[in-house]
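Colleague: Handing you a structure now.
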Amino acid sequence: MATPRDHAPLAERVEELLAAEGPLPIVAAGDPVLRRGTERFDGQLDPALLARFVEALRVTMHAAPGVGVAAPQVGVELRIAVIEDPAPVPDEVRLARGRVPQPFRVLVNPSYEPVGSQRAAYFEGCLSVPGWQAVVARHAQVRLTGEDEQGRALDEVFTGWPARIMQHETDHLDGMLYLDRAELRSLSSNASMAERWTQSTPEEAAKELGFELP
Ligand code: ZN
């Protein structure tokens, strides 16, 4: 006979994390929590605890700073992520990458599917892989479905940089890192990025480092 799922351990883990003030510690690649995937959110945290957890994710994302943080990146195996991108980039980059500002939002149980077959390749990085960036070819447009933190249905099409952020964060919830999808020959340290690959698109990097673009 099935027994009701015990929700206590996850809630306890989150309470423990929230006991400390300020940004939460970010888990780095190599920790199995980033590879195990997540449980669908189904009330494991009561509304007050969920609100506190989401706020802690927001503070953590701002402090990093980053444009998204997924729950496994703070060691919590729940299908929840937050994103926000003020897009503080030059107009040239904004245009080339479709990097338009995204307001703060909470993704609960998100999943995505491609819209059309177009792909876009740019350098991206991850707070769990500090110091490095690599080119990832991703769907140029995706349909994201899921819920927000109030349980309201989310069903929206994203393009450009926001589409990239949604795919990167949702992949975290499936136990994937951007490196799983990256052109590994493009792997560049932050110092190399600053010295060489400041162009708004990765064509020159592709030629010099020897990798394919879609
Ligand atoms: Zn990441």
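The values are calculated or read from the model by the stated rules, or taken from the named source; none is laboratory data. Being a predicted model, the structure only gives us computed values, none of them experimental. For neighbour counting, all protein chains shown are included, and Cβ atoms are generated from backbone atoms with ideal geometry for every residue, glycine included. Keep in mind that these areas ignore ligands, DNA and RNA; they rest on the heavy atoms of the full protein, side chains included. Shrake-Rupley method; radii C 1.70, N 1.55, O 1.52, S 1.80 Å.
Colleague: When all protein chains stay in place, what accessible area (Å², nearest 10, 1.4 Å probe) is found for R40?
Modeller: 140
Colleague: Another one. Out of residues 5 or more away from Q141 or on other chains, whose amide H comes under 5 Å of its own, with H placed 1.01 Å from N in the peptide plane?
Modeller: Amide H to amide H, under 5 Å and 5 or more residues apart or across chains, Q141 pairs with V115.
Colleague: Based on C-alpha coordinates, I'd like the Rg and Dmax of the range 127-210, in Å.
Modeller: In Å, with Rg to one decimal and Dmax whole: 15.1, 48.
Colleague: Report the gain in length on full extension from R185 to L95: 0.36 nm times residue separation, minus Cα-Cα distance, nm rounded to one decimal. Show your work: numbers first, answer last.
Modeller: Numbers: separation 90, 0.36 × 90 = 32.40 nm, distance 2.58 nm.
Difference between extended and current length: 29.8 nm.
Colleague: Right, something else. Take every Cα-Cα distance within the range 144-193, group them into 10 Å bins from 0 onward, and report for each bin the whole-number percent of pairs it holds.
Modeller: In whole percents, the pair-distance histogram is 20, 40, 27, 12, 1.
Colleague: Counting only the backbone N, which residues of the range 42-75 are under 11 Å from the spot 7 Å out from the Cα of S192 toward its beta-carbon?
Modeller: No residues fall inside that zone.
Colleague: Another question, if that's okay. Dipole magnitude of the chain about its Cα centre, charges +1 at Lys/Arg Cβ and -1 at Asp/Glu Cβ only, in debye to the nearest 20?
Modeller: Working: 21 positive and 32 negative charges, 86 e Å.
With only Lys, Arg, Asp and Glu charged at Cβ, the dipole is about 420 debye.
Colleague: Based on the alpha-carbon gyration tensor of the range 117-164 and its eigenvalue square roots a ≥ b ≥ c, which shape applies: rounded if a/c is under 1.5, prolate if not and a/b is larger than b/c, or oblate? Numbers along the way, then the final one.
Modeller: On the way: a/c = 4.21, a/b = 1.47, b/c = 2.86.
It is oblate, given that a/c is not under 1.5 and a/b is not larger than b/c.
Colleague: Residue by residue, what Karplus-based ³J(HN,Hα) values in Hz, rounded to whole numbers, does the range 202-214 have, using 6.51, -1.76 and 1.60 with θ = phi - 60° and x for Gly and Pro?
Modeller: Karplus-based 3J(HN,Hα) across the range 202-214 equals x, 4, 5, 4, 4, 5, 6, 9, x, 9, 8, 10, x Hz.
Colleague: Here's a follow-up. For the range 23-62, just say rounded, prolate or oblate: build the C-alpha gyration tensor, square-root its eigenvalues into a ≥ b ≥ c, call rounded for a/c under 1.5, and beyond that prolate if a/b exceeds b/c, oblate if not.
Modeller: Numbers: a/c = 3.35, a/b = 1.23, b/c = 2.72.
It is oblate, given that a/c is not under 1.5 and a/b is not larger than b/c.
Colleague: Could I ask something else about it? If you consider only alpha-carbon coordinates, what radius of gyration and Dmax does the chain have, in Å?
Modeller: Taking only Cα atoms of the chain, I get Rg and Dmax of 17.6, 62 Å.
Colleague: In terms of modelled amide H atoms, which long-range or inter-chain residues lie less than 5 Å from the amide H of Q102?
Modeller: Under 5 Å from the amide H of Q102: D85, A87.
Colleague: Binned at 10 Å from 0, what are the whole-percent values of the Cα-Cα distance distribution for the range 1-128, short to long?
Modeller: Whole-percent P(r) values from 0 Å outward: 11, 37, 33, 14, 4, 1, 0.
Colleague: Here is a further query. For the range 75-126, just the Cα atoms, rotate onto the principal axes and tell me the three extents in Å, largest first.
Modeller: 37, 28, 19
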